[in-house]
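Right, one structure below, let's go through it.
The values are calculated or read from the model by the stated rules, or taken from the named source; none is laboratory data. Remember, it's a predicted structure, so these values are computed and weren't measured experimentally. Virtual Cβ from ideal backbone geometry, glycine too; neighbours counted across all protein chains shown. Surface accessibility is based on the protein's heavy atoms, side chains included, excluding ligands, DNA and RNA. Shrake-Rupley method; radii C 1.70, N 1.55, O 1.52, S 1.80 Å.
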Amino acid sequence: MLSMVEPLSKRENQVYTELLKGKSLEKIAQDLQISRSTIATHTMNIYGKRCVNSRVELLVRRINELEALINEKWNSRGTN
């Protein structure tokens with residue numbers, strides 16, 4: 001079951017997507033045209049909202065969320 005998490009801001013969601021792609025903070029800053037320091041702040045906010053301490057934990061959490069969604073969809077196929 002997925003736990004409720006605080007929603008990400010629009011900018012945090014952009015950073016989150018880029019983090020999951022494996023981009024460096026420097027590359028994300030360059031792509032989004034904001035400072036590396038701002039990206040680092042967004043990254044820490046994302047970690048807090050997702051209750052993780054690292055990018056690896058963030059990725060594992062996302063994989064688990066997707067797996068739960070797939071399982072939910074798969075299990076509901078017979079009930080429609």
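Modelled spin labels at VAL56 and SER35, positioned 7 Å past Cα toward Cβ, are 3.1 nm from each other. Secondary-structure-derived ellipticity at 222 nm for the chain, considering helices only, amounts to -22500 deg cm²/dmol, per-run term -39500 (n - 2.57) for DSSP H runs with n ≥ 4. Annotation: lysines with alpha-carbon distance below 26 angstrom to LYS10 (same-chain offsets under eight excluded): LYS21, LYS23, LYS27, LYS49. Ligands, DNA and RNA aside, LYS21 has an accessible area near 130 Å² when probed at 1.4 Å. Taking the C-alpha atoms only, the angle from helix 10-20 to the longest principal axis of the chain is near 80 degrees.
Using only Cα atoms, tell me the angle between helix 36-50 and the longest principal axis of the chain; keep it within 0 to 90° and round to the nearest 10. Its long axis makes an angle of about 20 degrees. Over the chain, the reciprocal of the mean inverse Cα-Cα separation, the Kirkwood hydrodynamic radius, stands at 13.8 Å.
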